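First up is the structure itself, then whatever we jot down about it.
The values are calculated or read from the model by the stated rules, or taken from the named source; none is laboratory data. This structure is a prediction, so every number in the text was calculated from the model and none was measured. Here Cβ is always computed from backbone atoms with ideal geometry, including for glycine, and neighbour counts include all displayed protein chains. With ligands, DNA and RNA removed, areas are computed over all heavy atoms of the protein, side chains included. Shrake-Rupley method; radii C 1.70, N 1.55, O 1.52, S 1.80 Å.
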Amino acid sequence: FTPNPELDPERAANSELLARFDLAGPIGDDRLLIEASVFENRVDDFIEQIVSAPSFFGRPDPGSTRWINVDEARLRGGELAATYQRGGLNLRLAYGQTRGEDRTTGQDLTNIPADTINADLSYAFTSRGVLAGLRLTHAADQDRTDVPGQDQLLFAGYTVADLYASWSPRAWSALRLDLNVNNLTDRYYQRAWDQLPHPGREVILSARYRF
């Protein structure tokens, strides 16, 4: 980590537009919720993280992480999400994207996430106190990585599936058991701008009791 004593604080002007459409009972006892948002943030002295990867060939270089100011930066993007509910069934689909650029040079900003699509399907068995669901996350290729001092990078897209379930017995409502199986297919993937791949399959079992 390389310190930068010349780093200035950010100053931002943010604009956001939100829209929400809530339709009850489109085909009976159900509900459809649609939400959309767009935003634009103009930031002076935007703080950008620059990571130099280590090199083990020739003259070894451990790499470095430092922060710099971008005089004039712009971030813009949006999200579109739809949620459908019917009885214990809940289905949510969402798409989000963010773009970031240096307004002076036109180059991309670092640490901007890839475009993502999220799907979450769950069902609540109310009489048994059980909730079970499947969550899918798809990230597109991230090749908007034209930043100064770095070679053009490409972060490959990926799709990750997670299973989750919880149980709260009716006789002991203060007790809750949770099971999460993250990265169900044991996918090898690396999020945009991360230096290391994320863990493989992960199983988490937890219990909570409220007094």
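Relative contact order of the stretch 67-211: 16 percent, from C-alpha pairs under 8 Å at least 6 residues apart in sequence. Given in Å, the Rg to one decimal and the Dmax to the nearest whole number for the Cα atoms of the stretch 16-55 are 20.8, 62.
With a 1.4 Å probe and all protein chains left in place, how much of the accessible area of the chain comes from carbon and sulfur atoms, in whole percent? Don't skip to the end; give the middle numbers.
On the way: 7780 of 13830 Å².
Result for the chain: 56 percent of the exposed heavy-atom area is carbon or sulfur.
Measuring with a 1.4 angstrom probe and ignoring ligands and nucleic acids, I112 comes out at about 10 Å² accessible.
Write out the chymotrypsin sites (Phe, Trp or Tyr not before Pro) in the stretch 14-97 meeting two conditions: DSSP loop, and at most 12 other Cβ atoms within 10 Å of their Cβ. If you can, show how the numbers build up before the last one.
Numbers: sites: F21, F39, F46, F56, F57, W67, Y84, Y95; in loops: F56, F57.
Listed in order of number, the matching sites are F56, F57.
Kirkwood radius, the stretch 1-142, all distinct C-alpha pairs, inverse of mean reciprocal distance: 18.8 Å. For the stretch 1-98, the relative contact order comes to 29 percent (Cα pairs under 8 Å, sequence separation of at least 6).
Starting from the Cα gyration tensor of the stretch 47-117, take the square roots of the eigenvalues, sort them a ≥ b ≥ c, and report rounded, prolate or oblate (rounded when a/c is under 1.5, otherwise prolate if a/b is larger than b/c, else oblate). Present the calculation step by step, with values, prior to reporting the outcome.
Numbers: a/c = 4.41, a/b = 1.92, b/c = 2.30.
Oblate is the answer for the stretch 47-117, as a/c is 1.5 or above yet b/c matches or exceeds a/b.
Can you pull out the trypsin sites (Lys or Arg not before Pro) in the stretch 122-211 that DSSP calls coil and that have at most 10 other Cβ atoms within 10 Å?
Numbers: sites: R128, R135, R144, R170, R176, R187, R191, R201, R208, R210; in loops: R144, R187, R191, R201, R210.
Answer in residue order: R210.
Taken about its Cα centre, the stretch 61-100 carries a charge dipole of about 300 debye when Lys and Arg each add +1 at the Cβ and Asp and Glu each add -1 at the Cβ. Rolling a 1.4 Å probe over the protein heavy atoms gives the stretch 127-210 an accessible area of 65 Å² per residue.
Charges at C-beta only: +1 for Lys and Arg, -1 for Asp and Glu. How large is the resulting dipole of the stretch 12-135 about its Cα centre, in Debye rounded to 20? List each step's numbers first, then the result.
Numbers: 13 positive and 18 negative charges, 110 e Å.
In total the dipole reaches around 520 debye.
As a size descriptor, the averaged projected area of the C-alpha convex hull of the stretch 1-70 was calculated at 9.5 nm².
Using the heavy atoms of the protein chains alone and a 1.4 angstrom probe, what is the accessible area of the stretch 23-124 per residue in square angstrom? Let's see the in-between values first.
Numbers: 5710 Å² over 102 residues.
It amounts to 56 Å² per residue over the stretch 23-124.
Here the stretch 85-148 and the stretch 1-51 have alpha carbon centers that stand 13 Å from each other. Across q = 0.15, 0.30, 0.33 Å⁻¹, the stretch 127-174 modelled as identical point scatterers on its alpha-carbon atoms has Debye log10 I(q)/I(0) values of -0.61, -1.03, -1.11, in the order of the q list.
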